[in-house]
1. Taking the stretch 125-146 as the search range and keeping residues that are loosely packed, with under 15 Cβ neighbours inside 10 Å and of a type in the set (A, V, I, L, M), which one is farthest from P82 (Cα to Cα)?
2. Hey, can you tell me all the residues within the stretch 1-27 that are without any contact (Cβ under 8 Å) to a residue 40 or more places away in the chain and under 26 Å from E131 (Cα atoms)?
3. Got a number for residues in the stretch 20-32 being among the small types (G, A, S) and crowded, with 21+ Cβ neighbours inside 10 Å?
4. Is it true that some residue in the stretch 104-126 is modelled with pLDDT of 90 or more, under 18 Å from T23 (Cβ atoms), assigned to a helix (DSSP H, G or I) and in contact with a Leu (Cβ under 8 Å, 6 or more places away or on another chain)?
5. Given (1) within 19 Å of Q117 (Cβ to Cβ); (2) at pLDDT 95 or above; (3) more than 13 Å from the chain's Cα centre (by Cα), where does V51 come up short, assuming only one miss?
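The values are calculated or read from the model by the stated rules, or taken from the named source; none is laboratory data. The structure displayed is predicted, hence computed values, not measured ones. Here the Cβ positions follow ideal geometry from the backbone for every residue, glycine too, while neighbour counts run over all protein chains shown.
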Amino acid sequence: MGVDVGAVRVGVARSDPSGLLATPVETVRAGKGDLARIAEIAAEYEAIEIVVGLPTSLSGRAGKAAELATAFARRLAVRLAPLPVRLFDERLTTVSAQRDLRASGVRAKNQREVVDQAAAVVLLQAALDAERAAGRPPGRPVETRSGGASR
């Protein structure tokens, strides 16, 4: 399952059972109840791993958005343990999602409702492709506050 964290909304995507194709699931309002809803979605789709997007700048630096995503991923890892949660570089996923939505004819006014899901799809698809190419899980495991990776 892919999770694109934003300050206002969290996009969620899932893959088919074979891990080939990412598809949108829903947009969850960030804040109270977001972790519970994502846990429900993970259970509903029988997720085997969660990939949270780590937004970094083009130079690879982590800013405020990366801190937000990392903190969210830690809380999610604690909530979903022992389900693995991983951080995966998501540079330009929202830009790519907006471009794809425009190309498919979705008007800008309506994009806000689905752009977070579309960004989660771009993120998850990139992670699935990277895993297939490298033969190992994408990104890096989330370190929980106790210092261990979520497993």
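1. Result: A133.
2. If the condition is that a residue be without any contact (Cβ under 8 Å) to a residue 40 or more places away in the chain and under 26 Å from E131 (Cα atoms), then D16, P17, S18 are the ones that fit.
3. The total comes to 1.
4. The answer is yes; a qualifying residue exists.
5. Exception for V51: condition (3).
Residue by residue, here is whether (1) outside any loop (DSSP other than H, G, I, E, B); (2) loosely packed, with under 11 Cβ neighbours inside 10 Å; (3) at pLDDT 95 or above; (4) of a type in the set (S, T, Y) holds:
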residue: D4; (1), (2), (3), (4): yes, no, no, no
residue: V12; (1), (2), (3), (4): yes, no, yes, no
residue: S18; (1), (2), (3), (4): no, yes, no, yes
residue: L35; (1), (2), (3), (4): yes, no, yes, no
residue: E40; (1), (2), (3), (4): yes, no, yes, no
residue: A47; (1), (2), (3), (4): no, no, yes, no
residue: A65; (1), (2), (3), (4): yes, no, no, no
residue: L68; (1), (2), (3), (4): yes, no, no, no
